[in-house]
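Every number in this text was worked out from the coordinates using simple rules, so none of it is lab data. Computed from a predicted structure; not experimentally measured. Backbone-built Cβ (ideal geometry, glycine too); neighbour counts: all protein chains shown.
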Amino acid sequence: MKGKSVNKMEEEEGDKAANTATKVTCTILAIDHTNLCYRVCAICERTLSTTDNNNNNNGIDNAPSFLCKFCHTNNKNKRLFRILMSIATDTEVITVICFDRIAKVLFGCSADQFFDFARLNPLSGVAVNEILEGEMFTMTLSKPLNCNAQNIRVTSAVPLSLGFRPAIEVLREFYKT
Ligand SMILES: [Zn+2]
């Protein structure tokens, strides 16, 4: 895995793990659509407690109110994507995690936009899995710096197919919205 050079131009913003990055060509096998996002404070972007997120419906949570412990504002929160998915490289099948910036490449919209759409079209989470399954990407994978972080992280994702369409575009067409 190690030893491949990392192009400086492809280093991600704030990605301190770039020195352990590996570029792979891979196929998406499945996305955990039951848990696609987390909530952050809209002001400071710190993660908010998600204790009342357990009763989610296909990953589509009702909008609970949160109090940010840091800036003490109420209700000003937004979702960011955090997606677990399994991918197949030419040698192995691995579970990776991708955060908001990468997930937007796959989804073509923000997490809030996706969940607003999914609220009206409840099968969107399942459909996303089907839409993205089998799509091929060149991904940069980084090992987590934090020992507590279990999953290899995707730090860049470029679709191989010129005809790739982000999931939300396919969904909008399907639901004719
Ligand atoms: Zn805050």
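Here are some notes:
- Long-range amide H partners of S156 with built H, under 5 Å: T140
- Charge dipole magnitude, Cβ of K and R +1, D and E -1 - segment 125-177, Cα centre, debye nearest 20: 200
- 25 Å Cα-Cα threshold exceeded, pairs from K23/K176; K76/K104; K78/K104: K23/K176
- For segment 123-140, the Karplus equation 6.51 cos²θ - 1.76 cosθ + 1.60, evaluated at θ = phi - 60°, returns couplings of 8, 4, x, 5, 5, 4, 4, 6, 5, 8, 4, x, 5, 9, 9, 9, 10, 9 Hz by residue, with Gly and Pro reported as x.
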